[in-house]
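The values are calculated or read from the model by the stated rules, or taken from the named source; none is laboratory data. Every value quoted in this text rests on a predicted model; they were computed, and no experiment measured them. Backbone-built Cβ (ideal geometry, glycine too); neighbour counts: all protein chains shown. Side chains are part of the model used for accessible areas, which takes the heavy atoms of the whole protein and leaves out ligands, DNA and RNA. Shrake-Rupley method; radii C 1.70, N 1.55, O 1.52, S 1.80 Å.
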Amino acid sequence: MTDPTSPSSAYWRGFRQGLPFMLVIVPFGLLFGVAGTEAGLNLSEVMGFSILVIAGASQFTAVQLMSDNAPVILVLLTSLAVNLRMAMYSASLAPHLGAASRWHKTLIAYFMVDQAYVLSIQDYEVRPKQSLTQKLAYYAGVCTPLCPQWYVSTWVGAVIGQAIPPEFALDFAAPITFLAMLAPAMRTLAHVAAAAVSVIVALVLAFLPSGLGLLIAAGAAMVTGAKVEVWMQRRRV
């Protein structure tokens, strides 16, 4: 019988909980493979994006801007801004994984994707007494079914993308994967307020070029969430 407190148990728990996200990771990767080739990138360039960057949202942003002949500096800055949430993820995980070795931190940073963060932080908060080894094992378990599938599905999309019927509508994967991650996290008024502001501002500023409206919406959401959180804390005092 498997010891529920062992690293092996934590790994397989993470693996099982990461599996459902393959339902959106695969079409998401296929879609990027198709988008990359349609933007004029060759197979090596498309795969370089997915293997080196491994960040779907910023990859799509970069490819779109490149297709619009945007300046290189704008492509880099916008893609970086889209991925700034990873810095917040890292800060959130630091109390749990900050004591890991430099090698482990390097791997954690490389495989940091939205799904890995969301599942891991929820597991760590539910099981706060886990050891560092258990937490690392859980993180590795979540990443195991996700990241390799991102590479494979990107390759498939780049190679046979033109053969995928348009009616398959692979672009459903992006919004669904974020809804699946964010919905369980809407646990406080601050979360709900930030989500509502981000949606409203993004829709109002949808006319702005190069995804600028999304960046402004993200900033407005973070400020709103912080203000509501402070207000709630003052009410508790």
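Which listed residue (228, 216, 119) has the Cα farthest towards the positive end of the charge dipole for the chain, taking +1 on Lys and Arg C-beta and -1 on Asp and Glu C-beta about the Cα centre? Going by the Cα projections, it comes out as 228.
When nucleic acids and ligands are ignored and a 1.4 Å probe is applied, residue 11 ends up with an accessible area of around 60 Å². Spin-label model, residue 103 to residue 205: label points 7 Å out along the Cα-to-beta-carbon direction sit 4.4 nm apart.
Please give the net charge around residue 124, taking every other residue with its beta carbon less than 14 angstrom from that of residue 124, where Lys and Arg add +1 and Asp and Glu add -1. Charge balance in the 14 Å sphere: +2.
Label positions at residue 191 and residue 223, each projected 7 Å from the Cα along the C-beta direction, are separated by 2.4 nm. Projecting the Cα atoms of 91, 157, 72 onto the charge dipole of the chain (Cβ charges, centred on the Cα centre) puts 91 farthest toward the positive pole.
Need the full-extension length gain, residue 12 to residue 74, defined as separation in residues times 0.36 nm minus the C-alpha distance. One decimal, nm.
On the way: separation 62, 0.36 × 62 = 22.32 nm, distance 4.14 nm.
Fully extending the segment from residue 12 to residue 74 adds 18.2 nm.
Taking every alpha-carbon pair under 8 Å whose residues sit at least 6 apart, segment 67-159 reaches a relative contact order of 27 percent.
Ranking request for peptides 27-35, 114-122: highest mean number of other beta-carbon atoms within 10 Å first, then the rest in descending order. Intermediate values should be presented prior to the final figure.
Details: 27-35: 24.2, 114-122: 20.8.
The packing order, highest mean first, is 27-35, 114-122.
Summing charges over neighbours of residue 194, with a neighbour being any other residue whose Cβ is under 11 Å away from its Cβ, gives 0 when K and R count +1 and D and E count -1. Let me have the relative contact order for segment 1-154, percent, based on Cα pairs under 8 Å that are six or more residues apart. Rounded, it is 50 percent for segment 1-154. What does the charge add up to near residue 86, with Lys and Arg as +1, Asp and Glu as -1, over the other residues with Cβ less than 15 Å from its Cβ? Net of charged neighbours comes to +1. In plain terms, the chain from residue 160 to residue 212 could stretch by 15.5 nm, reckoned as 0.36 nm per residue minus the Cα-Cα distance.
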